[in-house]
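See below for the structure under consideration.
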């Protein structure tokens, strides 16, 4: 589960979900110096968990649409 992370917003209609996740992951890596391992997105954008490269992407009802809660999985 993700307890602490970075909230990223991407409302582009031209990028795929995977592209948005990878952009958020690249920014996270540049800012914090480590790769994220998990990204939570709104269930409207993703009905089931997927893997995008090394990143686990999970649906969550608590994440607003167009937002990505990204960080390092705890435990």
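The values are calculated or read from the model by the stated rules, or taken from the named source; none is laboratory data. This one's a predicted model, so the numbers in the text were calculated from it and none came from an experiment. A quick note on method: Cβ atoms are made from the backbone with ideal geometry, for glycine too, and the neighbour counts reach across all protein chains shown.
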Lone qualifier among 70, 50 - being touching a residue at least 60 places away in the same chain (Cβ under 8 Å) and either more than 17 Å from residue 10 (Cα to Cα) or surrounded by 18 or more Cβ atoms within 10 Å (Cβ to Cβ) (or both): 70
Output for the stretch 14-39, where each listed residue is outside any helix (DSSP H, G or I) and either at pLDDT below 95 or within 13 Å of residue 67 (Cα to Cα) (or both): 39
Pair list, Cβ < 6 Å and 6+ apart or interchain, from the stretch 13-41 residues that are farther than 11 Å from residue 57 by Cβ to residues that are at pLDDT 95 or above and assigned to a loop (DSSP other than H, G, I, E, B): 28/36; 29/35
